[in-house]
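Note sheet for the following structure.
The values are calculated or read from the model by the stated rules, or taken from the named source; none is laboratory data. Keep in mind it's a predicted model, so treat the numbers as computed, not measured. Here the Cβ is made from the backbone with ideal geometry for all residues, glycine too, and neighbour counts use every protein chain on show. Surface accessibility is based on the protein's heavy atoms, side chains included, excluding ligands, DNA and RNA. Shrake-Rupley method; radii C 1.70, N 1.55, O 1.52, S 1.80 Å.
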Amino acid sequence: MHLPQRQLGLRIENMVTEYTATARAHSNIAFIKYWGNRDSGIRLPANSSLSMNLAALHSTTSVTWSDALEEDRLLINDEPAVPAALLRVSAHLDTLRAELRSTLHADVSSHNNFPMGAGIASSASAFAALTLAATAALGMRLSERELSLLARRGSGSAARSIPTGFVEWHAGSADKDSYAESIASPDYWPLEDVIAVISRDHKHVGSTMGHATANTSILQRVRVETAADRLLSAIHAILARDFEALAPVVEEDSNLMHAVMMTSKPSLFYWLPKSLRVMLAVQEWRRQGLQVCYTLDAGPNVHCICGAQDAAVVAARLKELDPDIEVIRSAVGGGAQLLTANDRTD
């Protein structure tokens, strides 16, 4: 059989068949949080969530499927991945292999331009880029919804890094209806995330383990039952470009998630003293008239969501608060994009 080389990006050299593609996806920051699963096996979330993609923070991932490989391989920032990371990526590739009806193993190389495992959603961008590159390399051009469904299986928040701009992830009732979609484009509302990097250290307890203990907190049921109201309030605030309405619900939702973490068994304390210092300062700055509110994912770093006109002032005040705080700024970002899907030439 003659295979369509140009269509699939196929190269046969010494009887080795390889398919390669490269994709990029952005990290995202959740305004309404995802914490806890109804089904951990397929990462079916306990509640719907809402996020904003971050233009300045991204993962770029290349995937080469090859019949010369006997197992999957993974490089992260040009270094061999630790066994746990390889195991997680390989498990996701198993999901994709089943979906794509492929038996090939893959050579994966991923680059992140921001700290990993520190509460800045590196797994979201990484698994979104991996999903797009892996499927495209085999000639599959999936819909945004299909990609979001598959990315979710690798990392729940990766579902939100597939669409563009401001994104809602529908909790759904089963695998095929738990996906994310855009509610507004990146240029709809010029917000910025000014991230106060308190620590670049990899967190001791990852989000996957944290999700598994969420239901041990007596607060999780209340958080989940009230999440829909906060989600609706946040969506209305974004569509109305109403920062005064958005700020309190974003902070409340973040506080609730961390309250669940702190009251889980065992307890999870991601905040550091400097995190709380920034949070209190942000509330004071808002009382003084700046458009700024805080939210934290599963880590100590504080995301200061700002109106674009106040982002520079907030960044400067963070450095005044503590010169050791590293500041990363990002505007609203786009969706996952395919960079190349060409024949391998090396």
Matching residues in region 129-141 - criterion: being at pLDDT 95 or above and not polar (S, T, N, Q): Ala129, Leu130, Leu132, Ala133, Ala134, Ala136, Ala137
Residue under evaluation Ile325, criteria (1) open to solvent by 20 Å² or more (accessible area, probe 1.4 Å); (2) out of contact with any Gly (no Cβ under 6 Å at 6 or more places or on another chain); (3) more than 30 Å from Arg145 (Cα to Cα), criterion not met: (1)
Residues of region 144-171 satisfying the condition of being more than 15 Å from the chain's Cα centre (by Cα) and open to solvent by less than 30 Å² (accessible area, probe 1.4 Å): Ala171
Boolean, Asn47 is polar (S, T, N, Q), in a loop (DSSP other than H, G, I, E, B), under 30 Å from Asp193 (Cα atoms) and at pLDDT 95 or above: yes
Matching entry among Ala196, Ala151 (being of a type outside the set (Ser, Thr, Tyr), closer than 20 Å to Gly36 by Cα and not in a loop (DSSP other than H, G, I, E, B)): Ala151
Some residue of region 108-128 being touching a Phe, Trp or Tyr at 6+ places or on another chain (Cβ under 8 Å) and at pLDDT 95 or above: no
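Please pick out the residue among Ala21, Ala30, Ala25, Ala98 that is hydrophobic (A, V, I, L, M, F, W, C) and surrounded by fewer than 24 Cβ atoms within 10 Å (Cβ to Cβ).
Ala98
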Odd one out for Thr64, checked against (1) part of a helix (DSSP H, G or I); (2) open to solvent by less than 30 Å² (accessible area, probe 1.4 Å): (1)
Of all residues making up region 226-265, the number that are closer than 22 Å to Asn301 by Cβ and not in a helix (DSSP H, G or I): 2
Index of the failed condition, Ala227 passing every other in (1) of a type in the set (Gly, Ala, Ser); (2) modelled with pLDDT under 95; (3) in contact with an Asp or Glu (Cβ under 8 Å, 6 or more places away or on another chain): (2)
Residue match in region 202-212 (condition: touching a residue at least 24 places away in the same chain (Cβ under 8 Å), touching a strand residue (DSSP E or B) at 6+ places or on another chain (Cβ under 8 Å), closer than 24 Å to Asp39 by Cα and buried (at least 16 other Cβ atoms within 10 Å of the Cβ)): yes
Residues satisfying the stated conditions in region 267-303, i.e. closer than 16 Å to His211 by Cα, open to solvent by 30 Å² or more (accessible area, probe 1.4 Å) and touching a helix residue (DSSP H, G or I) at 6+ places or on another chain (Cβ under 7 Å): Phe269
Top-ranked residue in region 247-266 [being of a type in the set (Gly, Ala, Ser) and more than 21 Å from Gly307 (Cα to Cα); ranked as surrounded by the fewest Cβ atoms within 10 Å (Cβ to Cβ)]: Ala259
